[in-house]
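Okay, structure first, notes after.
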């Protein structure tokens, strides 16, 4: 019974330790999350910078798993090359050892002070950075208290027969000990907690140095599993980075197991404290693995690309067809490629408009899933176009090239925005119609069909203007905004008259119809902003604003 209560206490203190780590991690991410991601995205350029970036981020959020997931998300989104990503993962592994080194010293006396400061910041401030920093202080205090209680708990357990038998059975089974420790680290999402537990066991003489080293190896291996399982996507290429990180851990563990008979003696030269020896081995292991693999990362990345090839679907609309990386040397050709890809985006938007038009006339609910698929492809292509243009050599571009680059970006972004409004707005409205059993009046259906036909024509005109800058067509497209503005005004007046007349059943549908027309107007505005306005601005035919310059305003100037 004594052993049962001891195990329950052990589980409770480990849970408190994990909760402290979680509070520190969530507090830092809430306080500096967006800034961390922006800084991380800028800093992950070379191998060396990526290594120190991963180490710094992990030391801040106290979780190599969280850092690994962030780095994996960058790589999966195409924002990070594989080699710098692998370097950042190596840095994250070293960063988590710094936390263990810090916790190996006794800071229990300041735990109540940290909790007091944290509670004061949390209770005194509204949701803000200061409130989130309060979480960090509370988490640090709980973490230190949990470590102190674990140390006190292990003192009477030194004579525990059951725990002694378990640890003794693992003494001659380093591989089994490694696997058990890996499972524990994977389940807890924290190598810090597992290594600290091993330090406590070693400090009380409950595990021999060889067993402690095998358990530390397992803790390092276990946290490399989480990013693999939690990285989504069916593309095998998305697994390159987490699998590469796991590969470096496995290679390091195999080498350490071969050298296991001599490692305890080597650690004894550094310190005589068993607990400190565990922390030191944890740090040296990750540093040595990083030093060995950093020079080999380019070749290692090539191997991972062969093992996990990118899945390509020839019919996938989100796959770029014209963004040739080799054309970067000639900005004019690269801009032409980007323009051709942007026209593909326009074609996809036109297909979405056709789906929305058909969906309002008849029940095509089976097309909504396909529309979301097309909209996702539009957004992916827009990101590819933006990234492609952002990587062009700005110094080799002339004034006309810079202007064309801005036009392509505006066109692609506006088309992507229109695509989102069509999918989430217009097609969402058709789902509302079916869900609530509403029916538009024949006049509304006829007017909406005519309006969508006009919108499709404007979309084609916008695509033509993007290719050939015709000032007359640009003026015509800009004037179309008046039609959609008057259409919305007329529908709003009709809706108000229905409410005044007490036609509440029609008023609800009238409000819904007004929302539809507003989305149609917003889509048309995207088309005008994408092509007509840049041409009119180039020919100096746009006013700075729509306010009439009165005599009083002129006199004030």
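The values are calculated or read from the model by the stated rules, or taken from the named source; none is laboratory data. The structure presented is a predicted model; accordingly, all values stated were derived computationally and were not measured. Note that each Cβ is placed from the backbone with ideal geometry, even for glycine, and that neighbours are counted across all protein chains shown.
Looking at 415, 397, just one residue is in contact with a helix residue (DSSP H, G or I) (Cβ under 6 Å, 6 or more places away or on another chain), modelled with pLDDT under 80, under 25 Å from residue 343 (Cα atoms) and surrounded by 13 or more Cβ atoms within 10 Å (Cβ to Cβ), and that residue is 397. Here residue 428 fulfils each of the conditions (1) under 21 Å from residue 368 (Cβ atoms); (2) in contact (Cβ under 8 Å) with a residue 24 or more places away in the chain apart from (2). Among the residues that make up the range 347-358, is at least one of them more than 25 Å from the chain's Cα centre (by Cα) and outside any helix (DSSP H, G or I)? Scanning the range 347-358 turns up no residue that is more than 25 Å from the chain's Cα centre (by Cα) and outside any helix (DSSP H, G or I). Just one of (1) within 19 Å of residue 98 (Cβ to Cβ); (2) modelled with pLDDT of 90 or more fails for residue 191. It is (2). With respect to the stated conditions, residue 265 fails to be over 19 Å from residue 181 (Cβ atoms), loosely packed, with under 13 Cβ neighbours inside 10 Å and under 31 Å from the mean Cα position of the chain (by Cα).
Residues in the range 304-335 that are buried (at least 16 other Cβ atoms within 10 Å of the Cβ), more than 28 Å from the chain's Cα centre (by Cα) and modelled with pLDDT of 80 or more: 2 in all. The set of residues from the range 468-488 being surrounded by fewer than 12 Cβ atoms within 10 Å (Cβ to Cβ) and within 41 Å of the chain's Cα centre (by Cα) comprises 468, 479, 482. Somewhere in the range 281-293, is a residue over 39 Å from the mean Cα position of the chain (by Cα), over 19 Å from residue 83 (Cβ atoms) and touching a residue at least 40 places away in the same chain (Cβ under 8 Å)? Within the range 281-293, none of the residues are over 39 Å from the mean Cα position of the chain (by Cα), over 19 Å from residue 83 (Cβ atoms) and touching a residue at least 40 places away in the same chain (Cβ under 8 Å).
Kindly check whether there is at least one residue in the range 508-529 that is buried (at least 20 other Cβ atoms within 10 Å of the Cβ), touching a residue at least 24 places away in the same chain (Cβ under 8 Å) and more than 30 Å from residue 407 (Cα to Cα). Scanning the range 508-529 turns up at least one residue that is buried (at least 20 other Cβ atoms within 10 Å of the Cβ), touching a residue at least 24 places away in the same chain (Cβ under 8 Å) and more than 30 Å from residue 407 (Cα to Cα). Of all residues in the range 113-136 being buried (at least 20 other Cβ atoms within 10 Å of the Cβ) and within 26 Å of the chain's Cα centre (by Cα), which is nearest to residue 196 (Cα to Cα)? Within the range 113-136, the match that is nearest to residue 196 (Cα to Cα) is 136. Looking across the range 53-70, the residues that are at pLDDT 70 or above and buried (at least 24 other Cβ atoms within 10 Å of the Cβ) come down to 53, 54, 55, 57, 58.
A quick yes/no check of all residues on (1) in the same structural domain as residue 373 (by TED's automatic domain parsing); (2) closer than 16 Å to residue 378 by Cβ; (3) part of a helix (DSSP H, G or I):
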| site | (1), (2), (3) |
| --- | --- |
| 402 | yes, no, yes |
| 405 | yes, no, yes |
| 408 | yes, yes, yes |
| 413 | yes, yes, yes |
| 417 | yes, yes, yes |
| 422 | yes, yes, yes |
| 427 | yes, yes, yes |
| 433 | yes, no, yes |
| 439 | yes, no, no |
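Among the residues of the range 244-273, those identified as touching a helix residue (DSSP H, G or I) at 6+ places or on another chain (Cβ under 6 Å) and part of a helix (DSSP H, G or I) are 244, 245, 248, 249, 252, 253, 256, 263, 264, 267, 270. Filtering the range 90-107 for residues that are touching a helix residue (DSSP H, G or I) at 6+ places or on another chain (Cβ under 9 Å), surrounded by fewer than 19 Cβ atoms within 10 Å (Cβ to Cβ), under 21 Å from residue 297 (Cα atoms) and modelled with pLDDT of 70 or more leaves an empty set.
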